[in-house]
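Just below is one structure, and these are the notes that go with it.
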Amino acid sequence: MSEDIVRIFDTTLRDGEQAPGCSMTVEEKRQVARQLARLGVDVIEAGFPAASPGDWDAVRAIAEDAYDWPVAPTICGLARATRKDIEAAATALAGAPARRIHTFLATSDVHLQYKLQMTRAAVITRVHEMVGYAASFIDDVEFSPEDASRSDAGFLHDVLRAAIDAGATTINIPDTVGYTTPDEYFALIAGIRQQVVGDRDVVISTHCHDDLGLAVANSLAGVQAGARQVECTINGIGERAGNAALEEVVMALRTRRARYAADTHVRTEEIGRASRLVSRCTGVRVPPNKAIVGANAFAHEAGIHQDGMLKHRETYEIMHAEHVGLEGGRLVLGKHSGRAALRAHLATLGHALADAECDAVFAKFKEVADRKKVVDDRELEAIVAGETKRGSATFTLELVQVSCGTHAIPTATVKLRGPDERELVAAAQGDGPVDAVCLLYTSPSPRD
Ligand code: MN
């Protein structure tokens, strides 16, 4: 079997942005879209134009920006299977060099009965009409039967046939509620491939949620069954437990490409930057143990692992951090680390210490390392600042005062003493007391 390309359909800006606390401004979405283009994804789902005027504006802005990118992915907009939604998507996307309308309608009995109050026959008719309507604007049309994994297989096949007959070129099979298992999803995709798609030129796509922690495993099972597009998000953000994480899908395919006989167009060196950007724009932190992009994903603690790593990296590494745009094979410093290792590491952080300085820093480092399991770079920076004149604190915190309550607006007052003994006092209101303090911290214009 020759190696195939699996298209990466990124929905960070639609499914990801829909998640609680993940909303982004139009400017932030444009920045993320530009980075996704640099990363080399094939399709960017830029938003849901009919959802709000803000969403429409964001999709239009990204569609127009795409003209200036050296390599522009297809820009996609989501639309319910209604004329109004499809028109909103078509107009928002009009400026893009390559564009796709993604329309959807649920197919599971529970959605038909309680949400849509539609019969199966009516669903088939609507899908045929609306996919055809979308295809009258743009010839690249994707159709998703929402809740596909909990739908009756025979009915699902009929709906997909109607979508393909009406012009759908990609059929996406969502595990909307994150319920399926890898073997089950494999059978679902394989059945669609054999009984619906056959030798027609239609791409089967996966869209898996992580409610049971199976989103990536299910997506890869879909690829093994013949899916050639994977929908995913940076850092795995998305509704509830999130979507399949782009970085995990891409690195699984890259690291095990012989196994999957498939690869992607993604420039993996851009993964780290994409992860940090999405984390910064959404304010959602990446857990340290997160695969591929977590702070510890390439860290090796003291002991047998470090010894192995120093002798030969492949003893404990299946991937290299620099291939995903992160700092390489980090050796964590602990209480067993020696003076030379500490000094060499500090030099990489930009601190070339004199002998006397190094003695003081090393003594303090040992003291901290005895109490804590590992000493990270931020702590090292603090030790260096404390033990030498380097990077010593310019401002001293004199006072923090917050007031809040059920009927009060959280307000913080902060007093700092500057290097010239000048006092700086400022107050701010925030969503909560900590937010109010941090607003002061991030808006550096305290009044005298
Ligand atoms: Mn979803």
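Looking at Gly21, Gly47, Gly54, Gly40, which is the one that is surrounded by fewer than 22 Cβ atoms within 10 Å (Cβ to Cβ) and touching a Lys or Arg at 6+ places or on another chain (Cβ under 6 Å)?
Gly40
With the requirement that a residue be exposed (fewer than 13 other Cβ atoms within 10 Å of the Cβ) and part of a loop (DSSP other than H, G, I, E, B), what does segment 307-325 give you?
His312, Ile318
Can you name the residue in segment 8-50 that is within 16 Å of the ligand (Cβ to nearest atom) and assigned to a helix (DSSP H, G or I) and, of all such residues, is nearest to Ile101 (Cα to Cα)?
The extreme case among them is Arg14.
As an exercise: evaluate Arg267 against (1) surrounded by 24 or more Cβ atoms within 10 Å (Cβ to Cβ); (2) in contact (Cβ under 8 Å) with a residue 60 or more places away in the chain; (3) away from the ligand (no atom under 16 Å from the Cβ) and give the number of the one condition it does not meet.
Every condition holds for Arg267 apart from (1).
Listed residues Leu246, Leu253; which is in contact with a strand residue (DSSP E or B) (Cβ under 7 Å, 6 or more places away or on another chain) and within 16 Å of the ligand (Cβ to nearest atom)?
Selected residue: Leu246, the only one of Leu246, Leu253 that is in contact with a strand residue (DSSP E or B) (Cβ under 7 Å, 6 or more places away or on another chain) and within 16 Å of the ligand (Cβ to nearest atom).
In the list Asp158, Asp152, Asp140, which residue meets the criterion of being away from the ligand (no atom under 16 Å from the Cβ), open to solvent by 10 Å² or more (accessible area, probe 1.4 Å) and in contact with a strand residue (DSSP E or B) (Cβ under 6 Å, 6 or more places away or on another chain)?
Every option except Asp140 fails the conditions.
From the list Val414, Val375, which residue is within 24 Å of Lys335 (Cα to Cα), open to solvent by less than 40 Å² (accessible area, probe 1.4 Å), β-branched (Val, Ile, Thr) and in contact with a Phe, Trp or Tyr (Cβ under 9 Å, 6 or more places away or on another chain)?
None of the other options fit; the residue is Val375.
Would you check which residues across segment 66-108 are closer than 15 Å to Ile44 by Cα, surrounded by 24 or more Cβ atoms within 10 Å (Cβ to Cβ) and among the hydrophobic types (A, V, I, L, M, F, W, C) and list them?
Ala66, Ile75, Cys76, Leu78, Ala79, Ala89, Ala92, Leu93, Ala96, Ile101
Within segment 189-213, can you find the residues that are buried (at least 18 other Cβ atoms within 10 Å of the Cβ) and either in a loop (DSSP other than H, G, I, E, B) or within 16 Å of the ligand (Cβ to nearest atom) (or both)?
Val202, Ser205, Thr206, His207, Cys208, His209, Asp210, listed by residue number.
So Gly95 clears everything in (1) more than 21 Å from the chain's Cα centre (by Cα); (2) part of a helix (DSSP H, G or I) except one condition, right? Which one?
(2)
The values are calculated or read from the model by the stated rules, or taken from the named source; none is laboratory data. What you see is a predicted model; the values in this text were computed from it and never measured. Note that we place each Cβ from the backbone using ideal geometry, even for glycine, and neighbour counts take in every protein chain shown. Ligands, DNA and RNA are excluded from the accessible area calculation, which covers all protein heavy atoms including side chains. Shrake-Rupley method; radii C 1.70, N 1.55, O 1.52, S 1.80 Å.
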